[in-house]
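A.B. asks: Below are the structure tokens for one structure; questions will follow.
The values are calculated or read from the model by the stated rules, or taken from the named source; none is laboratory data. Model, not experiment: these values are computed from the prediction. Here the Cβ positions follow ideal geometry from the backbone for every residue, glycine too, while neighbour counts run over all protein chains shown. Accessible surface is based on the protein model in full, side chains and every heavy atom, while ligands, DNA and RNA are left aside. Shrake-Rupley method; radii C 1.70, N 1.55, O 1.52, S 1.80 Å.
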Amino acid sequence: MSPKVKSASNGYCRVCSARISSFMSFGRMPIANGFLRPDGTENEYFFELAPAFCEACGMFQLLEQPDPQKMFHEQYAFYSSTSRYMQAHFEAFADAAINTVLAGRDNPFVVELGSNDGIMLRHFKERGVRHLGIEPSANVADVARTQGISTISAFFDRRLANEIATDQGSADAILAANVMCHIADLPGVAAGVQRLLKADGVFVFEDPYLGDMITKTSYDQIYDEHVFIFSATSVQRAFARFGLELVDVMPQITHGGSMRYTLAPRGSREVSKKVNEQLAKETTLGLDLAETYVQFKANCENSRAALMQTLERLRSQQKRVVGYGATSKSTTVINYCGITPAHLEFISDTTPIKQGRLSPGAHIPVKAYDEFTKSYPDYALLFAWNHAAEIREKETGFVGAGGRWIVYVPEVAIVS
Ligand code: JHZ
Ligand code: ZN
């Protein structure tokens, strides 16, 4: 990403330059992964988290995004490999690429944008496939490098694409998972992909899906890093001007509902009929209509009211309530709803870098997982709801001890 790109859209669509305005505001928000040292709460950075929908090109986006260097750096708090299910997911993603697009190719080359701790690239490395990860957050990139996964710490743009193509050749496949939606300069990245990809190569990426977010009111997908929430419609249009055609779509259950998009140089591959089917579904869902987002705003407000009513009631009953998973998503929920340390004793998280820190904005202590198991609370607010299957499988002890989950997607409820 070019550091020259303005973090604010200045009221123009980041993709097609049409005029846009926000349909709601979540208020002043901190950096979602900006966990603080207890003695470092002064000068916390805040920005206005306000989404907009571009009626001209269908792109759902943030009006303002903090500078990339404020979010992705040598203290980045999210390590992809913290979930066992996600490890299996990325092994399958790698297998699918190896068995389809790379099959039969001579010495293929795979590039992953935003490769984090190497959760996916390690499978290419293990099979001896030539690969390169591009990961601006140096601490997570170091984890990958120590496992022998070739990784450079940089923001991807056309200049870097050109350098890679010159030094290592063009890519047979460019992959990205939960990365494309983070990059404000989407045109810059698309131009880079166009430069780096072979004429018969594919660009495959997946991100949280707008359709799921709207139908489940999972507004917590909206935070600083997610400058876009994509749909098949917006992806098809955004990449078309860079000669990249949407040739396939594949829904994923990860991160509460995602979509995997396959793009290829125009005319180089057959377009799956699933593309048109998905576009039609999006029209039926009303994803192209401004009124859908007016309704979404009302749904967010209702969700907030119901969650706070539940938390206030439990507080008045002096129940012990903790958060489960100090997710990026929780930063939006906590600060938008007004959850404080009076509602949540602490948030349990297995990531060492988050432990002993305070949550962004509301400053709720984040503690090691042992603190949760040592003395189970009465209720756990499931911030990592996208990992519910994995977590509920392992937390039978908590439920057996009478513990209850508070969930808020798709609706606020108490479940066991
Ligand atoms: P999780 C991140 O979002 C950030 P987050 C990023 N912007 C993005 O797009 C997605 O990932 C891909 C902990 N945990 O995966 C680990 C437990 O404590 O929902 C993590 O801190 N116990 C790149 O942060 C957090 O919860 C467990 O059993 O919303 C989960 O974060 C498990 C499974 C996780 O992503
Ligand atoms: Zn637009």
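A.B. asks: Can you tell me how many residues within region 104-133 are free of Cβ contacts under 8 Å to residues at least 60 places away in the same chain, in a strand (DSSP E or B) and under 15 Å from residue 203 (Cα atoms)? Walk me through it before giving the result.
C.D. replies: If we filter region 104-133 for residues that are free of Cβ contacts under 8 Å to residues at least 60 places away in the same chain, which is where we start, we get 104, 106-107, 115-133.
Imposing the further condition that a residue be in a strand (DSSP E or B) reduces the set to 130-133.
With the extra rule that they be under 15 Å from residue 203 (Cα atoms), the set shrinks to 131-133.
Qualifying residue count, region 104-133: 3.
A.B. asks: For residues in region 15-52 being part of a strand (DSSP E or B) and open to solvent by 20 Å² or more (accessible area, probe 1.4 Å), which is nearest to ligand 2 (Cβ to nearest atom)?
C.D. replies: Step one: list which residues in region 15-52 are part of a strand (DSSP E or B), which gives 19, 22, 28-29, 36, 47-48, 51-52.
Subsequent filtering for residues that are open to solvent by 20 Å² or more (accessible area, probe 1.4 Å) retains 19, 22, 28, 36, 48.
Working: 19: 9, 22: 14, 28: 26, 36: 35, 48: 20 Å.
Here the answer is 19.
A.B. asks: On the given criteria, is residue 207 of a type in the set (D, E, K, R), modelled with pLDDT of 95 or more, crowded, with 24+ Cβ neighbours inside 10 Å and not in a strand (DSSP E or B)?
C.D. replies: Working: of a type in the set (D, E, K, R): yes; modelled with pLDDT of 95 or more: yes; crowded, with 24+ Cβ neighbours inside 10 Å: yes; not in a strand (DSSP E or B): no.
Taking the combined requirement at face value, the residue does not satisfy it.
A.B. asks: Which residues, taken from region 105-117, are buried (at least 22 other Cβ atoms within 10 Å of the Cβ) and more than 9 Å from ligand 1 (Cβ to nearest atom)? Break it down stepwise before answering.
C.D. replies: Filtering region 105-117 for residues buried (at least 22 other Cβ atoms within 10 Å of the Cβ) gives 109-117.
Once the filter is applied, which keeps residues that are buried (at least 22 other Cβ atoms within 10 Å of the Cβ) and more than 9 Å from ligand 1 (Cβ to nearest atom), region 105-117 yields 109, 110, 111, 112, 113, 115, 117.
A.B. asks: Quick one: would you say residue 102 is within 15 Å of ligand 1 (Cβ to nearest atom) and modelled with pLDDT of 95 or more? If you could, list the steps in order and put the result at the bottom.
C.D. replies: On the way: within 15 Å of ligand 1 (Cβ to nearest atom): no; modelled with pLDDT of 95 or more: yes.
Answer is no for this residue.
A.B. asks: List the pairs whose first member sits in region 403-416 and is touching a residue at least 60 places away in the same chain (Cβ under 8 Å) and of a type in the set (A, V, I, L, M, F, W, C), whose second member is surrounded by 18 or more Cβ atoms within 10 Å (Cβ to Cβ) and assigned to a loop (DSSP other than H, G, I, E, B), and whose Cβ atoms are under 6 Å apart, counting only residues at least 6 apart or on separate chains?
C.D. replies: 409/218
A.B. asks: I'd like to verify a number: residues in region 64-93 that are open to solvent by less than 50 Å² (accessible area, probe 1.4 Å) and either within 30 Å of residue 19 (Cα to Cα) or free of Cβ contacts under 8 Å to residues at least 12 places away in the same chain (or both), how many?
C.D. replies: Here the count works out to 5.
A.B. asks: Only one of these is open to solvent by 70 Å² or more (accessible area, probe 1.4 Å), farther than 30 Å from residue 343 by Cβ and in a helix (DSSP H, G or I): 237, 269, 304, 313. Name it. Walk me through how you get there before you give the answer.
C.D. replies: Working: 269 fails: in a helix (DSSP H, G or I); 304 fails: farther than 30 Å from residue 343 by Cβ; 313 fails: farther than 30 Å from residue 343 by Cβ.
Exactly one residue qualifies, and that residue is 237.
A.B. asks: With respect to the numbered conditions (1) under 30 Å from residue 109 (Cβ atoms); (2) within 16 Å of ligand 2 (Cβ to nearest atom); (3) open to solvent by 10 Å² or more (accessible area, probe 1.4 Å), which one is the sole condition not fulfilled by residue 288?
C.D. replies: So the condition that residue 288 fails would be (1).
A.B. asks: At pLDDT below 95, of a type in the set (Asp, Glu) and farther than 29 Å from residue 242 by Cα: does that describe residue 74?
C.D. replies: Details: at pLDDT below 95: yes; of a type in the set (Asp, Glu): yes; farther than 29 Å from residue 242 by Cα: yes.
So residue 74 passes the test.
A.B. asks: Are any of the residues in region 78-94 away from ligand 1 (no atom under 15 Å from the Cβ) and either part of a loop (DSSP other than H, G, I, E, B) or aromatic (Phe, Trp, Tyr) (or both)?
C.D. replies: Applying the first criterion (away from ligand 1 (no atom under 15 Å from the Cβ)) to region 78-94 yields 91-92, 94.
With either part of a loop (DSSP other than H, G, I, E, B) or aromatic (Phe, Trp, Tyr) (or both) added as a condition, the list becomes none.
Looking for residues that are away from ligand 1 (no atom under 15 Å from the Cβ) and either part of a loop (DSSP other than H, G, I, E, B) or aromatic (Phe, Trp, Tyr) (or both), one finds none in region 78-94, hence no.
Residue by residue, here is whether (1) surrounded by fewer than 24 Cβ atoms within 10 Å (Cβ to Cβ); (2) among the small types (Gly, Ala, Ser); (3) over 15 Å from the mean Cα position of the chain (by Cα) holds:
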position	(1), (2), (3)
171	no, yes, yes
185	yes, no, yes
194	yes, no, yes
197	no, no, yes
202	no, no, yes
212	yes, no, no
216	yes, no, yes
219	no, no, no
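A.B. asks: Identify, please: which residue in region 332-350 is within 23 Å of the chain's Cα centre (by Cα) and open to solvent by less than 10 Å² (accessible area, probe 1.4 Å) and is, among those, farthest from ligand 1 (Cβ to nearest atom)? Please lay out each step first, then the result.
C.D. replies: Taking region 332-350 and keeping what is within 23 Å of the chain's Cα centre (by Cα), we get 332-339, 347-350.
Checking which are open to solvent by less than 10 Å² (accessible area, probe 1.4 Å) leaves us with 332-334, 339, 347-348.
Values: 332: 9, 333: 10, 334: 12, 339: 16, 347: 9, 348: 6 Å.
Ranking the qualifying residues of region 332-350, first place goes to 339.
A.B. asks: Also: On the basis of being assigned to a loop (DSSP other than H, G, I, E, B), modelled with pLDDT of 95 or more, of a type in the set (A, V, I, L, M, F, W, C) and more than 16 Å from ligand 1 (Cβ to nearest atom), does residue 56 make the cut?
C.D. replies: Details: assigned to a loop (DSSP other than H, G, I, E, B): yes; modelled with pLDDT of 95 or more: yes; of a type in the set (A, V, I, L, M, F, W, C): yes; more than 16 Å from ligand 1 (Cβ to nearest atom): yes.
Criteria met by residue 56.
A.B. asks: Find all pairs meeting these conditions: Cβ atoms under 8 angstrom apart; at least six residues apart or on different chains; first residue within region 38-63 and closer than 30 Å to residue 286 by Cβ; second residue away from ligand 1 (no atom under 16 Å from the Cβ) and of a type in the set (Asp, Glu).
C.D. replies: 47/64; 48/64; 49/64; 50/64; 55/288; 58/288; 63/48
A.B. asks: Under 24 Å from residue 102 (Cα atoms) and outside any helix (DSSP H, G or I): does that describe residue 275?
C.D. replies: Numbers: under 24 Å from residue 102 (Cα atoms): yes; outside any helix (DSSP H, G or I): no.
No, not satisfied.
A.B. asks: Now for a different question. Looking at region 250-266 only, could you name the residues that are more than 12 Å from the chain's Cα centre (by Cα), open to solvent by less than 30 Å² (accessible area, probe 1.4 Å), within 19 Å of residue 282 (Cα to Cα) and of a type in the set (A, V, I, L, M, F, W, C)?
C.D. replies: Within region 250-266, 263 is the sole residue that qualifies.
A.B. asks: Considering only region 33-51, I want to know if a residue exists there that is within 15 Å of ligand 1 (Cβ to nearest atom) and touching a helix residue (DSSP H, G or I) at 6+ places or on another chain (Cβ under 6 Å).
C.D. replies: Of the residues in region 33-51, the ones within 15 Å of ligand 1 (Cβ to nearest atom) are 33-35, 49.
Checking the rest, the ones that are also touching a helix residue (DSSP H, G or I) at 6+ places or on another chain (Cβ under 6 Å) come to 33, 35.
For region 33-51, residues within 15 Å of ligand 1 (Cβ to nearest atom) and touching a helix residue (DSSP H, G or I) at 6+ places or on another chain (Cβ under 6 Å): present.
A.B. asks: Just to verify a result, which residue in region 361-407, among those that are open to solvent by less than 40 Å² (accessible area, probe 1.4 Å) and charged (D, E, K, R), is nearest to ligand 1 (Cβ to nearest atom)?
C.D. replies: 390
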